[in-house]
Every structure is written in C-alpha cells, then in structure tokens.
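Remarks on the structure that follows.
The values are calculated or read from the model by the stated rules, or taken from the named source; none is laboratory data. In this text, all values refer to a predicted model and were calculated from it rather than measured experimentally. Neighbour counts run over all protein chains shown; Cβ positions are idealised from the backbone, glycine included.
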Amino acid sequence: MRWRPGPGLGLVLFWLAAALLAPAFLPWTRLDLHRVLAPPSLAHWCGTDQLGRDVLARTLAGARPIFETAPAATLIALLLGGSAGTIAGYRGGMADAAIGRLIDALLALPLIVLALFALTALGPSQPALVAVIGLAFAPLIARTVRAAVLAERRLDYVTLAQLRGEGSLYILAREILPNIAPAILVEATVRLGYAVFTAASLGFLGFGLSPPSPDWGLTISETYGLMAGGAWWPATFPALATASLVIGVHLAAERWRAQGRP
Amino acid sequence: MSGLRFAAWRVVLGLITLWLLSVIVFAAARVLPGDVGRAILGPLADARAVAALDHALGADRGALASYIEWSRGLLQGDFGVSYAYRTPVAPLVAVALGRSLRLACLILAVAVPPALAAGLTAAHFAGGRIDRLLTLGGLALTVVPEFVTAILAMLVFGIALRWLPISAEPPPGAGAGTWLRHLILPALPGAVALFGYLARTLREASLAALQSDYLRAAILKGLAWPAILVRHLLPNVLPLLLTVLAAQLSYLLGGLVVVETLFRYPGIGLLILSAGRAHDFPLLQASVLVLGAFVVAASLAADLAVRWLTPRAA
Amino acid sequence: MSGPALEIAGLSVRFGRRSILHDVSLSVAAGGATGLVGESGCGKTTLALAVLRGLPPQAEIAGRISVAGQRLDPLDRAALRRLRARQIAFVFQDPVRALNPALRIGRQLAESFRLLGQTAQEGRRESLALLARLRIAEPERLLRAYPHEISGGQAQRVGLAMAFAKRPALLVLDEPTTGLDPDATASMLDLVAGLRSERGTALLLISHDLAAVGRSCDRIGVLYAGTLVEEGPASALLARPRHPYTSALARCAPRGSARRRGPLPTIEGGLPDPAEPPPGCRFTPRCPFAKRDCRAGALPAATRLDHVVLCNHPDQAWPDPPGGLPASAPREDVVLSAEKLSVRRQGRVIAGPLSLRLRAGETLGVSGRSGSGKSSLLRSLLGLLPPAAGTLNLAGSPLAPDWRQRRRAELAAIQPVFQNPDEALNRALTVRAILLRPLRRLAGLSRAEAARRLRPILDQVRLDPALLDRHPRSLSGGQRQRVAIAHALASGPRVLLCDEPTTALDLSVQAAILNLLVELRDRDGLAILLVSHDSGVIGFLCDHEIHIGGTQ
C-alpha cells in the first residue's frame, strides 16, 4: 500500500506554514486601544483582544513558539529515552533493574508536576521548557524502546550475529535498529503530539514565554477570565488552534501506524 | 514464582522505587534557586533576619545531614513543619489529597463504565463506521489539552446555558448535592480524556481477545453471547483495565494542575505547585512523596489483582 | 441416524479476489471417518471452519453443507448455537491456545456440560470420568489447573473431553498430530477411535500427514490449492495414489536411510497465487506429466467405483529426483567431540553427563521428547549455554565452553541452523546483506571477494540468485531455510548443528531440505549434528543416534 497523506498531516503542515510566516502577521498584532474586545466581524474575523490586537493574526503567529519547542523536546526525549531503553533491553540484568526503577520513580511523578518543578529551578525560558519536556518524556520512550529491543534480542538472528563475533554496537545499530525504527518513530510522533499539549499547558500555567508573546497557552491564561463577561473569542480561538494541532499530529501518527510503515 | 513470593518481591521493588523518588525529590528541591528565608520574609527583609530564619528552619545545613534527619522523621511518621505556614505538613497534605481523591473518584465513575461499553462495541464492529467514529473520536478526546476542554465546557455549560457553576468550591454549609454539582465541570476535562484513552485501549484488548482461538472455541462450542462476553471476554480484558487505571492514577491525582487552577480547586497538584514556588521544602517533599506512594501502591495492587485474575506464568 | 454425518456439495469460498476453496464435494458417513490431507495453504482450515459455519463475515461462500441431515446456511442464530452445542465438535490445532487463559480447566469443561442442561455436580462427575477415560493421570488436579500450567498433550485431551461431553454426530480434528511423536500420535488416535465407536460419532480428520490419516480413516480426500484432487477409500488411495500430487505426498515422507535408498522425491515450485489460480488443473505448474489439455478448461473427474481423481493423466508414479549420490563412507577424523558433558539450563543440570564424537561426513542424530534437553545440548556445543561440567574438543584442540572466549576460526568452524528461519533471518535485511556479513566477518574476505563467493554458496543450497535482493518475508518457507543454511555455510564451517531444521516446513519442502543436508554431508564432507523429534527424519539422515532421556 502506498502511503497517502491524511487530514492529520494537512493540519500539521498548515500550522507549520503559519509558524514560518509568523513575522508576516506582525502588522495586525499591534496594540489599538480604540477597538478593544471587538467581536468577530469582517474586519477582524476572530475579533480583537483586550489590547485591541487581531485575534486571528495572533493565533496564527502563536504557532511559532510551539514549533520551536515541541520537536526539539521530542528529539531530546528520543535520544535520552532511546539510549536508556536500549541499554536496559539489550544488557538486561543489573542495568535493566536500575534503569527500570529509575523509570518507575520518574513515572510516579505526574508529568506536569515534574515539569513545573524543574522550571521553577531553571526559571522560565524556551530552552528550559525544551529540556524539561524532553526529560519528562524520556522514561516513556525508554519503556517502549526497552520492550522492542528485548523482543528482538530473543530472536535467533541476534544469536547468530553474536556467534559471528559481532560487537554489541554493530548488533544494535545494524541488526536490531532497522527492525524497531518504525515502531520508535511512531512512538516519537505520538510523543510529539503530547509535547505540543504539554508545552501549551505549561505556557498556560505561566512557565513558558512572557507577554506579549502570542503563545497559545499564555494567551488563553491571559484571556479566559474575560469569558465570564461574554468576550469568548480571545481565549476560544487559541484553544481551538492548540486542539487542532495536537489532533493533527496524532492523526498523522495513527495513520502512519495503521499503514504499518513510514 | 509463588503468589506470596511474587507479592513480596513487588513490595520490595515498590519500596526501592519510593526511596529513589525521595532522593530525586530531595536533591531536586535543593537545586531550586534562591534562599528559603528570603522567599518567606520578602526582598525587603534584613539580611541578618533572613540568616536567623534559615538557621531556625534548618535550611542552612548540609544536604546529606538534612536528608538523613528528614528520612528519620519520615520513618517515625513525622513529615516535618511547613516553612510557609509554620504548621505540621501532614494535615495540609491530607486535606489537599482528599480533594484530589474526590475529584479522581468522580472522574473514574463518570469515565470508566461508558469507556468499557464503547471499547467493547467498537471491537465488536471492528472496521465499521461505529468503530471508526469511536477510535478517531476517542483519539481526539484524549489528546486535547484539559484547558481547552475546560474552557469549552465553562463556555457552554457554565456561561451560555448556565446549567452548572464554574467554581469548584461550593458555598459553606452546602449539602452533598450542591457539592457534587460544583465538581461536575472540573471533573469533565479529565473524564473526557480518560474516556477516550480507555475506550481505545479496551478496544484493542477486546479485539485481540475476539480474534483469539479461545474465544473462537467458545463461540464454536455453542455458547450464547452474554455468556461469551461475561465469562470469556471480560476476564481477559479486566486485567488490562486495572493496569491502565493504575498507570493513570498519577495523572488523575496530580496531573490536573491546570484544571485545579482554572476552577480554583486546591488539590494536591496546586499544593505541590505553590510549595515549589514558595521554597517550602518540607511541604513539597511530603506532598510529592505521598502522591508517589499512592501511585506505587496502586500499581502494586493492580499487579497483584492481575496476577490473581489471570494467573499466567509471570 | 439416517444419511451422512457431513455432506459438502460444491463448496467454494472466496475472500475478495482470492479463491481459497473451489468446488469441493465431500461426505462423511454416519459414524465413519474421513481424512482430509494437504499442505499449508491448501484450504484445510477454511474448510473446517466452513463446516462449523465459523468463517468471518467477509467470506463469500457458495455450495451446500449439511451436518446430520441439517442444512447449515438457513439456520438462524439460536438453531446454529444448538447445532454447535449438540451435534458438531471441533478440536483446534493448537489446543493450549484454544483454552481461555483466565479460567480454570474445570470451569471450561463444566461449561460444555451445562450447555447440555446438566447441573454443576453432574458436569464435574462426568468431566472426571471422561478425563480418566482419556488416560489423564490426576484428573482432579487437572480440573484445578489453569491452561498455562498444563502440557500440550493434556490440553489436547481437555479439548477432546469438551468435544465428547456431548454425543456429537461429527467431530472435526484440525492437525491433531502436529508436534507429536509417532507413539503419542497412535495412542491419541486410538483413544479417539474408542470414544467415537461408543458414541457413534463421525470424524473429519484434517492433517498434513498422509500416513497418520491412513491409519484412522476409512476414506481420504486430498486437497491441493483449494481443490479436492482425489478422494477415495483409504486403503485403495494409499496402496495406489492416482493423482500425481497424492503420489508425490506419499513418496516424499522420509523413510529408511539416505545412504541406502538415495534422495527423497520432491515437488518443485510452490502453491499458485490464490488470486490468479491457473486455469484447468491447479497442479499443472508443478506437474511433470501435465499436457496441454490439463491447462484448458474444467477437468473431467476420472472415476473408478467410488474413487474420484481430478486428473487427465492419472496413475503416474511420481519420479525420483535426478542423480543419485556418490555413496561416501564417513571419514575417520573426529571434528567435534564432547566428554562427560552435563547440560545446564537455568541453574539446573537437565541432561548428561554424555559424550559424543562427530566425524567429518557423518550425521549424528539427537532424539528425545520435548523438554528433554536436546536443544540445550546443541546450545551448549555452540557455547551459548555453558555446561555444568565436561570438556569440548574441536579437531583435536580444546574448545572454550563459552562462545565469547572462542577464536574467530573456531566460531567459523561450528555453525548452527535453527528451527525457525523467520527468527534466524533478520527481516530488515536483504538476502545479500545477510549472506555477505559472515563472509566478511568470519571468512575474513574483502568486499569484492565476498561478493564473488555469493554465487557458489547460492548454488550449493540451490537458491536462485534473483532472490539476493529480496527480503526474507517475501520468500517461501523452504527458501528461507535455504538462506539460513547458506548463512551457516558462508563462513566455511566443518560442523553444522541443526535444531529441528525441517519442523516448521511442509512435507514436500522438508524432503528438499533433507536432500540438501545429505548432499552437504556426502559431497562437501560436513559433519552434521541433527536434533529432531521425528524418528523418520533421524532414520533418513543419521549414521548414529543418541537418545536423551526426560528430566529427572
């Protein structure tokens, strides 16, 4: 079966384009205190916010910080978790037991709590956000990779490679990795979706960027209080944007897995 | 391995995990920048007063010495005294955990039964329209951030329709009914996410069971559907449900910080957050460790239950 | 009872474009026994499921099936359930997987009795009686056990007990003898025969083993690529197979010794693509007697009395393979030897102490029941499972018990061939990559030299060089095992250690692999150690045999 792009990939590409074009939206995100909290109209399709900025332009521009953090965080998780999981799965014994306990301990902490904790220590900044999400997701990826490596190393082809006198690194990189890479990539895509989710949640809690960034989480935390007064648009559109990007990434991962290969 | 030895082994593993967690929390807490006395007294306080407070709280001692003292107290059931509130930590943690447990129970009660039904239905009609709707819908529900669901729920049920209060805290002296009404909206985001995740997981498990030889054998024996469902399918799906729920407990108790913030519901997540911000180490360590103990205990209980339900070779 | 227990008329089953069964007509007389023989992929299991109306809904079914005089297709759900509960019994090929892992055996057996309206107590009493009848040593204990705690043989008896809980008109057994040694096969079929005659149950026995079917059935049908190519009385069909395919099946089972009777007949080629079956006779692409009329249109069924053959040129004996072997005696030089070896697995000594000598050009068979430690012996020789005691020798010099301490030349000299080529070949690599690595690594060849060596090695195992750039998944089972053997040969070994190398293969494919091993031994002077549960295979290939007793 040929791989066909689905609606998930379409959503992701849409937001990627928005992230790349973010500077082009700047003219519409200027303050204009004469038209504060204008409801959606032809002039402002999604209305304006409490400072008179165009909500649509800010929502589109808000894709940029997400694309600057989530993929990098996933990569860090992949590197950290991938190596820990590989060692645990291939070496077994004490290394496996030690890494297994560490993973359990880290997973006993709720993901967001772990992230909040470290961000308090490091102070809010984009690199810190990347490091924290990467660290928080590493145990999950480690578990997946460990299970995959363990399943492979029980197969006879690994025994045969050992009996050829191959080194562990060769066996892992050239014999085992090609077999488990597709599963790991699907897992990484799923994690990417959750990284978007987590980055937005942390932004919402004030651990991400500072105003006047158009970051979705931050914007929602600034504006959800306005809803009680009837101004639903400044918070709702970034919320929908976050949801559509997260769903897009997951749909793409789902489609990828269903079609069984990259 | 015999059942008793398995249980003992799992308890030992759980204790090691908890010990490791305590070391991580303790070490991480020391890394938090800033001074305890300064955080409490504020930026304008006299430097000598800050030093005196640090000394009085014991915050100026070496990390190892304070870890040993802290863990000795812990073993005697003494969780220490909060820096910020100057009261014993234990009651503070207990109250917050109690709130989180109530919310978690409500979420479970709302999400689990329909997820079970949806998972079984989707598996039974695998590949059909209902199945696609449930798998894709379930995926969407699982991955949408809670603040999105929460805001939409507030918007629709709280503001537009005015059916439910958007604050989690009931007025003082309110009855159980009012209390429950105030908790429905806060429970919704977690319940929606859990429903989607559980429904999809249960669908996979039920589908695997439905395609197994033993289930085909049960059908070909001439058993009726209810008997097949209750006696043959459920016993093979329940263990997975328990394992997944235990794994989600950490999220249900401490992962709903966003919801607790939005609805002003001071559960254990918010407690950890505020303790971290205030450099209140005793409170922070105790709340994270108690939460960890709950999670480890739940996974232990789930493992034992699974072994009792499906005594396959471990 | 009147009429046949099972009557199938013109049954065709399609899954989309793939034609799995084509115009099959077969009947089993009341109380009689019919065997259905064929290799994997011929449609046996589809036919069994069709008889139980257990095919998935996407199957397109044409034709008529009646069980105990009742047409299956018009039955509603309740009537079908009643029929399954009382008239038809089915025992799965893998009896352990057919038991619910979460329920005790007792509960699952009791369920069968409750279906018949009996109380729990009656059910339990009858369960115990039936299990005792099936020669289960401690039936009480079995009832308390969970499926993972019992052996495959016990699980099969539980399956039979569930089947005979009712008095079924028809019992369908799917490959009941797979993995059983001949003794166990015979005693199992005897038990079934006894219970059947008491209860008047007819039998449809599905198997790849023509000989086993011949012993317990009065009629035999032979299925090839979804068509019933021959059907007749067992004695007549076995004495004189009339279809070329039946003749080939009958002749390619290993019998006697290769040194005396030469190589086994084989069937070249593979099953046709079910999406595009050849017109006319589906066996034509592999049949040496096929003429133009075989490829055109429908075939006349040549009938003699009640023996039906779907062939235009019946009564041809399947030919022996060309070229006998240069009979060579084993040489004198001992290549690999073990002295007082105690095999240890998971900290327990499970076999030995035993001593063995393996000479060049000689085959040593290792037999024993499953779990006796014969595979562990092989792993000990490979250095994967260091023995508790004993010494190893390779061509006169001591050999380290652990593979990590062996030199490259020693690793190259001893090469394994495992049971399952799916697991022994890396599915992410091409055949070329799989074969180049031992040439470079163990034989120490340069890239160019290694590439030149590929061809002779492929010739040695009779593999088409066009397969070099394929992945293992796209090869047939026989081709995969040849690639695995080629991987072993690449390093230039002196000893092949083969662990059940043909157990996962069909009979006709097995014959070709056995011939290949004979050739490697006699032409190339390899020493071969062969672990097998199949006395026919050991008898065919081996000069000597050691038997490993069960666990203490």
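Regarding A:ARG257, is this residue within 30 Å of C:LEU435 (Cβ to Cβ) and not hydrophobic (A, V, I, L, M, F, W, C)?
no
For the subset of segment B:1-48 comprising residues that are of a type in the set (Lys, Arg) and surrounded by fewer than 16 Cβ atoms within 10 Å (Cβ to Cβ), which member is modelled with the lowest pLDDT? Among residues in segment B:1-48 that are of a type in the set (Lys, Arg) and surrounded by fewer than 16 Cβ atoms within 10 Å (Cβ to Cβ), the one modelled with the lowest pLDDT is B:ARG30. Pairs linking a residue in segment A:157-173 that is within 9 Å of another protein chain (Cβ to nearest Cβ) to a residue that is of a type in the set (Val, Ile, Thr), with Cβ atoms under 8 Å and 6 or more positions apart or on different chains, are A:VAL158/A:ILE171; A:VAL158/A:ILE176; A:ALA161/A:ILE171; A:GLN162/A:ILE171. Scanning segment B:157-178 for residues that are modelled with pLDDT of 80 or more and surrounded by 14 or more Cβ atoms within 10 Å (Cβ to Cβ) turns up just one, B:PHE157.
Screening the candidates C:ARG167, C:ARG135 for the property of being surrounded by fewer than 16 Cβ atoms within 10 Å (Cβ to Cβ), in a loop (DSSP other than H, G, I, E, B) and at positive phi yields one hit, C:ARG135. Only one entry in A:LEU177, A:LEU150, A:LEU192 is surrounded by fewer than 21 Cβ atoms within 10 Å (Cβ to Cβ), under 28 Å from A:ARG257 (Cα atoms) and more than 14 Å from chain C (Cβ to nearest Cβ), namely A:LEU150. Only residues that are surrounded by fewer than 17 Cβ atoms within 10 Å (Cβ to Cβ) and of a type in the set (S, T, N, Q) were counted across segment C:13-31, and they come to 1.
For segment C:494-504, a residue qualifies if it is crowded, with 23+ Cβ neighbours inside 10 Å and part of a loop (DSSP other than H, G, I, E, B), and the qualifying residues are C:PRO501, C:THR502.
Take the conditions (1) free of Cβ contacts under 8 Å to residues at least 60 places away in the same chain; (2) more than 8 Å from every other protein chain (Cβ to nearest Cβ); (3) closer than 23 Å to C:ARG369 by Cα; C:ALA132 misses just one of them, which is (3). Scanning segment B:286-314 for residues that are closer than 14 Å to B:LEU97 by Cα and of a type outside the set (A, V, I, L, M, F, W, C) turns up B:SER287, B:GLY292. The residues on offer are C:ASP94, C:ASP174, and the sole one that is in contact with an Asp or Glu (Cβ under 7 Å, 6 or more places away or on another chain) and either polar (S, T, N, Q) or under 26 Å from C:GLY38 (Cα atoms) (or both) is C:ASP94.
Scoring B:LEU108 on the criteria (1) closer than 30 Å to A:SER221 by Cβ; (2) surrounded by fewer than 17 Cβ atoms within 10 Å (Cβ to Cβ); (3) touching a residue at least 60 places away in the same chain (Cβ under 8 Å); (4) not acidic (Asp, Glu) leaves a single failure, condition (2).
Residues checked against (1) farther than 28 Å from C:GLY492 by Cα; (2) under 29 Å from the mean Cα position of the chain (by Cα); (3) crowded, with 17+ Cβ neighbours inside 10 Å; (4) of a type in the set (Gly, Ala, Ser):
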{"site": "C:GLY347", "(1), (2), (3), (4)": "yes, no, no, yes"}
{"site": "C:LEU358", "(1), (2), (3), (4)": "no, yes, yes, no"}
{"site": "C:GLY368", "(1), (2), (3), (4)": "yes, yes, yes, yes"}
{"site": "C:GLY371", "(1), (2), (3), (4)": "yes, yes, no, yes"}
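C:PHE283 meets each of the listed conditions (1) closer than 30 Å to C:ALA193 by Cβ; (2) in contact with a helix residue (DSSP H, G or I) (Cβ under 8 Å, 6 or more places away or on another chain) apart from (1). Go through the residues of segment C:137-145 one by one and say whether even a single one is without any contact (Cβ under 8 Å) to a residue 24 or more places away in the chain, within 11 Å of chain B (Cβ to nearest Cβ) and within 22 Å of B:LEU234 (Cα to Cα). Scanning segment C:137-145, I find no residue that is without any contact (Cβ under 8 Å) to a residue 24 or more places away in the chain, within 11 Å of chain B (Cβ to nearest Cβ) and within 22 Å of B:LEU234 (Cα to Cα), so the answer is no.
Conditions (1) modelled with pLDDT under 85; (2) in contact with a Cys (Cβ under 7 Å, 6 or more places away or on another chain); (3) more than 14 Å from chain C (Cβ to nearest Cβ), marked per residue:
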{"site": "B:LEU220", "(1), (2), (3)": "no, no, no"}
{"site": "B:PRO235", "(1), (2), (3)": "no, no, no"}
{"site": "B:SER250", "(1), (2), (3)": "yes, no, yes"}
{"site": "B:LEU273", "(1), (2), (3)": "yes, no, yes"}
{"site": "B:HIS279", "(1), (2), (3)": "yes, no, yes"}
{"site": "B:PRO311", "(1), (2), (3)": "yes, no, no"}
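Only helices (runs of 4 or more DSSP H) wholly contained in segment C:199-313 count here; list those with 1 or more residues that are in contact with a His (Cβ under 9 Å, 6 or more places away or on another chain) and either under 30 Å from C:GLY361 (Cα atoms) or free of Cβ contacts under 8 Å to residues at least 40 places away in the same chain (or both). Filter on segment C:199-313 gives C:244-251, C:292-295. The test for being among the small types (Gly, Ala, Ser) and more than 18 Å from C:ARG84 (Cα to Cα) does not hold for C:ALA98. Within segment A:42-55, is there a residue that is more than 30 Å from B:TRP19 (Cα to Cα) and out of contact with any helix residue (DSSP H, G or I) (no Cβ under 8 Å at 6 or more places or on another chain)? Within segment A:42-55, one or more residues are more than 30 Å from B:TRP19 (Cα to Cα) and out of contact with any helix residue (DSSP H, G or I) (no Cβ under 8 Å at 6 or more places or on another chain). In summary, A:SER221 fulfils each of the numbered conditions (1) within 14 Å of chain C (Cβ to nearest Cβ); (2) without any contact (Cβ under 8 Å) to a residue 60 or more places away in the chain; (3) surrounded by fewer than 24 Cβ atoms within 10 Å (Cβ to Cβ) with the single exception of condition (1). Being touching a helix residue (DSSP H, G or I) at 6+ places or on another chain (Cβ under 6 Å), not in a helix (DSSP H, G or I) and not aromatic (Phe, Trp, Tyr): is that true of B:PRO189 here? Criteria not met by B:PRO189.
Kindly establish whether B:ALA286 is more than 10 Å from chain A (Cβ to nearest Cβ) and crowded, with 19+ Cβ neighbours inside 10 Å.
Spelling it out, B:ALA286 is indeed more than 10 Å from chain A (Cβ to nearest Cβ) and crowded, with 19+ Cβ neighbours inside 10 Å.
For C:SER376, the conditions (1) out of contact with any helix residue (DSSP H, G or I) (no Cβ under 9 Å at 6 or more places or on another chain); (2) in a strand (DSSP E or B) all hold with the exception of (2).
Take C:ARG482 and tell me if it is basic (Lys, Arg), in contact (Cβ under 8 Å) with a residue 40 or more places away in the chain and assigned to a helix (DSSP H, G or I).
No, not satisfied.
All but one of (1) within 14 Å of chain C (Cβ to nearest Cβ); (2) without any contact (Cβ under 8 Å) to a residue 40 or more places away in the chain; (3) surrounded by 20 or more Cβ atoms within 10 Å (Cβ to Cβ); (4) not polar (S, T, N, Q) hold for B:GLY255, so report the exception by its number. Going through the list (1) within 14 Å of chain C (Cβ to nearest Cβ); (2) without any contact (Cβ under 8 Å) to a residue 40 or more places away in the chain; (3) surrounded by 20 or more Cβ atoms within 10 Å (Cβ to Cβ); (4) not polar (S, T, N, Q), B:GLY255 breaks only (1).
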